[in-house]
Amino acid sequence: MSKILTQDEIDALLRNVSATETVQVEEEAPKRPIHLYDFKHPDRISKDQLRALRTIHDAFARSFGTYLSGSLRTLVDINLLSIDQAAYSEYMLSLSVPSCIYIVSSAKLKGSVILEISTEFGLMVVDRLLGGTEARINTVRELTVIEQSIMSRVVDSALSTLSEAWRNVYDLGVYVESFESNPQFVQIAPASETAAVISFDIIIRDTSYPMNICFPYFVLDPLIQNLSNSWANVGTKRLKKREFEELYNRVRLTELPFTAQLGSTKLNMKDYLTLKVGDVIRLDQRTDDPLKVWVDGKVKFWGTPGISKKKRAIRIARRINNLEEIVHE
């Protein structure tokens, strides 16, 4: 017959089991920290590479903003807002209809890049280049073929500036392959492919217009391999002699409005309407006082009037100083 345990033996067994469980719990390995990872939106670009991309496209924003300021004859400021990683399908769904979508290619890249510009901005640029004002466009519509042709000069300059910003890292040599106004007809990457979306804000007076560049990851991958080593040198490399001469000649040949002001006065409407040939208008300036010389709408020099080769002329007397410039602003 099997032995029947006494109550003391049962209590001893229970005490041993409790002690064993306690030891096992105490000897468990410490748990590893848990890090959240989104497999749908993986971060495939490192922080150093993102920092390098920001440096490159900050330089692009400054240079392209300077070009637009000269072309549109108004102050243009371009700010780099963000560099995001998202699925290509999500990026395309975020685009409005109609849009100005330029599919950009290069002989050295395996794939295409998207440059997307606000349609409202495109219409404003066309209007400005044809002699209009930078007033906000109320009706948004697709660009016509003629308007696309006018806008192509601005886009070509943007791509040239972008290639120049990338020059120290990679020779892009990009060009416009095609134009689309509907995002549904643009398919340069699989829907699930990760894309780097670089967003800009174009500010003209009190109005802002969005602009972004979309790099599919398989296009960006060969470009960012050496970013970590070279990004610190972007924009700090010394210009070669030929590049310096080209830049110097480009600046030297830039045309600016140059005017001299003989003086000013105020007339009421009655006197203005009765003016006739031979009347004398008294100005608020003496004949021996220096004249203000305006360059691009700002007082920059003092001069004296005269005649040169039977033509009216002005001789520069001196440059305006900092205090005078503040007074005349």
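The values are calculated or read from the model by the stated rules, or taken from the named source; none is laboratory data. Keep in mind it's a predicted model, so treat the numbers as computed, not measured. So basically every Cβ, Gly included, is an ideal-geometry build from the backbone, and we count neighbours across all protein chains shown.
Taking region 74-94 as the region of interest, how many residues are outside any strand (DSSP E or B) and within 18 Å of the chain's Cα centre (by Cα)?
So in region 74-94, the residues outside any strand (DSSP E or B) come out as 74-75, 88-94.
Narrowing further to those that are within 18 Å of the chain's Cα centre (by Cα): 74-75.
Number of matching residues: 2.
All of (1) assigned to a loop (DSSP other than H, G, I, E, B); (2) modelled with pLDDT of 85 or more hold for GLY263 with one exception: (2). The conditions of being at pLDDT 75 or above, surrounded by fewer than 12 Cβ atoms within 10 Å (Cβ to Cβ) and either touching a strand residue (DSSP E or B) at 6+ places or on another chain (Cβ under 6 Å) or hydroxyl-bearing (Ser, Thr, Tyr) (or both) are not met by GLY297.
Pairs needed: first member in region 146-162, under 17 Å from SER105 (Cα atoms); second member anywhere, part of a helix (DSSP H, G or I) and polar (S, T, N, Q); C-beta distance under 6 Å; at least 6 residues apart or different chains. Close Cβ pairs (under 6 Å, with a partner that is part of a helix (DSSP H, G or I) and polar (S, T, N, Q)) amount to THR161/SER63.
Considering the conditions (1) touching a His at 6+ places or on another chain (Cβ under 9 Å); (2) closer than 24 Å to GLY70 by Cα; (3) not aliphatic (A, V, I, L, M), THR194 is excluded by exactly one of them, (2). Would you confirm whether or not region 163-178 contains a residue that is of a type in the set (Ser, Thr, Tyr), closer than 19 Å to THR55 by Cα and crowded, with 19+ Cβ neighbours inside 10 Å? Yes. Let me confirm something: among LEU162, LEU143, which residue is within 23 Å of ILE78 (Cα to Cα), assigned to a helix (DSSP H, G or I) and either in contact with a helix residue (DSSP H, G or I) (Cβ under 8 Å, 6 or more places away or on another chain) or charged (D, E, K, R) (or both)? Going through LEU162, LEU143 in turn, the sole match is LEU162.
Could you figure out which of (1) assigned to a loop (DSSP other than H, G, I, E, B); (2) surrounded by fewer than 13 Cβ atoms within 10 Å (Cβ to Cβ) isn't true of TYR272? Unmet condition: (1).
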